[in-house]
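Report on the following structure.
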Amino acid sequence: MLLCMADDVELATGVLAAMYVGAVAVPASTMLTARELATLVVDSRARVLVGSAQFADTVTAAAADAPDLRHVVLTGDTSPQVPGTTGLTWDDLGSAEPLSAPYPTWDESPALWLYTSGTTGRPKGAMHRHTDIRYVCETYAAQVLGMGPDDVCLSVAKLFFAYGIGNSLFFPLSVARAASWSRRGPTPRCTPSGRRTRGHPLLRRPELRGPLMAADLPRETFATVRNGVSAGEALPARMFHGVRDLYGFEILDGIGSTEALHIFISNVPGKVVPGSSGFPVPGYEVQLRRPDGSVIEDAGEPGMLYVAGESLCTGYWCRTSVNRAVFHGEWMRTGDQYVRGEDGSWTCLGRADDVLKVGGIWVSPTEVETRLLEHPALAEAVVIGVPDEDGLDKPVAYVVARPGATVDPDEVVAFCRAGLAAFKRPRLVVQVDELPRTATGKIQRYRLREQAAATVTPPQDVAEAKA
């Protein structure tokens with residue numbers, strides 16, 4: 001059953017009801033076009049498509065050419081009219097004869113498919129079991145966040161994301177008290193609205209940190225917040241310190257994935273290592289491997305991050321070749337380059353495809369971006385490689401200014417050069433109003449590379465001997 005629905009009681013009910021009857025729930029992004037949604041409906045071979053009334057046009061258009069679809073359901077008063085299907089309203093479902101008992105599922109039963117948003121390539125359906133859901137609640141939610149019956153979860157990530165469905169549905173139903181949902185898009189003012197609890201975890205996406213720091217909200221706005229959580233992109237140390245100093249709570253940065261259902265490396269309260277993803281979540285193993293597959297044992301040597309844990313999906317739906325490349329026995333290749341510190345913390349260097357080789361030396365975009373975000377005029381920064389006239393990659397920075405600030409590209413380059421080895425500095429700084437992102441908030445670097453190829457003059461290196 002595929003669901004394209006706003007965050008509300010109907011979506012939560014639909015997901016849980018699908019599992020109750022032994023079906024597979026497939027929440028889909030409400031930001032998709034009809035054509036994009038149709039791709040998921042066909043790919044998943046959904047028999048039932050459920051949508052919110054405000055997405056009726058998108059849902060009915062997506063249902064038009066889905067050969068396996070049998071039922072289309074919409075909230076509201078109007079039954080959808082799609083040839084070859086039975087149209088129903090949400091209230092029609094409520095008048096059906098109730099089941100006497102739930103379908104007898106077990107730990108290994110399929111429960112949930114989540115399509116990866118991905119920064120490149122077509123979406124893939126990560127297939128999760130019933131036991132995966134319990135596992136992330138018992139590990140990350142209970143043991144890292146320490147959630148309990150006094151906690152209310154406020155998450156701007158929507159329920160159709162792995163991150164959001166954990167924060168706003170699975171965690172509140174299993175280890176916390178309740179969830180606070182917002183139908184509005186994420187803004188710095190999407191903040192705790194009540195003081196009903198002693199602890200009020202605040203779960204946000206990383207691109208909101210800069211606006212949150214600039215919003216100048218009263219400190220008491222966050223009086224009920226016990227901690228914040230960030231994932232999706234590495235959280236710069238500047239933002240960790242800024243939010244803690246302004247509002248008095250820590251942000252626990254971490255890394256997770258759709259394939260793992262939630263976070264598997266995370267900072268922990270009171271032991272945050274700013275700029276890092278933290279430490280392995282209890283119940284998960286992580287390791288670094290070299291290109292030849294050998295395991296890296298020593299701290300300080302970067303490598304490809306692999307993860308193992310019981311919440312890993314069983315694979316991607318109908319993607320055999322991709323499954324063979326990504327899943328290796330109990331281990332999953334994440335596609336992220338990481339390094340382990342002497343203190344045991346793990347730090348992201350960027351996606352494997354994003355790491356640059358400049359002058360024969362590897363450069364981590366994350367390291368350069370961290371330095372850029374220390375500049376007082378910059379709110380956001382992304383570094384990509386743009387080939388020069390010889391086809392050699394040079395770092396180019398795309399930046400978003402802080403409100404009211406003026407960006408001087410030459411001064412920004414000089415600022416980077418003062419804090420980094422000179423070969424790591426951006427050769428060009430391009431100011432933009434906003435950065436392209438996926439629905440989950442991840443930077444779409446490939447779009448910046450496409451934009452650079454069309455608009456940026458190949459950067460020329462001043463003599464490296466002077467660097």
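No value in this document is a laboratory result; all are computed from the given coordinates. What you see is a predicted model, and the numbers here were worked out from it, not measured in a lab. Note that each Cβ is placed from the backbone with ideal geometry, even for glycine, and that neighbours are counted across all protein chains shown.
Dipole magnitude for the chain: about 380 debye, using +1 per Lys or Arg Cβ and -1 per Asp or Glu Cβ, origin at the Cα centre.
Quick one: work out Rg over Rh on the C-alpha atoms of the stretch 2-104, Rh as Kirkwood radius.
Values: Rg = 12.8 Å, Rh = 13.6 Å.
My calculation of the ratio gives 0.94.
The distance from the alpha carbon centre of the stretch 48-83 to that of the stretch 163-178 is 28 Å, rounded to a whole number. Calculate the length of the line joining the C-alpha centroid of the stretch 330-401 to that of the stretch 434-453, in whole Å. Going from one Cα centre to the other spans 14 Å. Using Cα atoms only, what is the angle between the long axis of helix 445-455 and the major principal axis of the chain, expressed in degrees (0 to 90) to the nearest 10? Orientation of helix 445-455: about 60 degrees from the principal axis.
Rounded, prolate or oblate for the stretch 210-292? Axes are the square roots of the Cα gyration tensor eigenvalues, ordered a ≥ b ≥ c, and the cut-off for rounded is a/c under 1.5.
Working: a/c = 2.45, a/b = 2.12, b/c = 1.16.
Prolate shape, in that a/c is at least 1.5 and a/b is the bigger ratio.
Taking a straight Cα-Cα cut-off under 28 Å and skipping sequence neighbours fewer than 8 places away in the same chain, the lysines within cross-link reach of Lys424 are Lys357, Lys394, Lys442, Lys466.
Counted over all Cα-Cα pairs of the stretch 354-466, pairs farther apart than 21 Å make up 31 percent.
Once the convex hull of the C-alpha atoms of the stretch 128-350 is built, how many Å³ does it hold per residue, rounded to a whole number? Before the final figure, lay out each step's value.
Details: hull volume 26.6 nm³, N = 223.
Hull volume over Cα atoms, normalised by residue count, gives 119 Å³.
Across the chain, the longest piece that holds none of the GluC sites (Glu not before Pro) lying in DSSP loops with up to 16 other C-beta atoms within 10 Å covers 109-296.
Only Cα pairs under 8 Å and 6+ residues apart enter the sum, and on that basis the relative contact order of the chain stands at 10 percent. Remark: relative contact order (the stretch 1-131) = 22 percent; criterion is Cα-Cα distance under 8 angstrom and separation of 6 or more residues. Here is how the number arises for the chain: DSSP H runs of 4 or more residues each give -39500 (n - 2.57), the sum is divided by the residue count, and the result at 222 nm is -6000 deg cm²/dmol.
Taking the Cβ of Ile265 as the centre, find all other residues whose Cβ is under 11 Å away and add up their charges (Lys, Arg: +1; Asp, Glu: -1). Walk me through the numbers on the way to the answer.
Values: positive: Arg340; negative: Asp253, Glu285, Asp336.
For residues surrounding Ile265, the net value is -2.
For the chain, the C-alpha radius of gyration sits at 1.01 times the compact-globule guess of 2.2 N^0.38 Å, with N the residue count. The mean sequence separation of alpha-carbon pairs under 8 Å and at least six residues apart, normalised by the residue count of the stretch 1-72, gives a relative contact order of 36 percent.
For the pair the stretch 1-40 / the stretch 269-328, the C-alpha centres are spaced 29 Å from each other.
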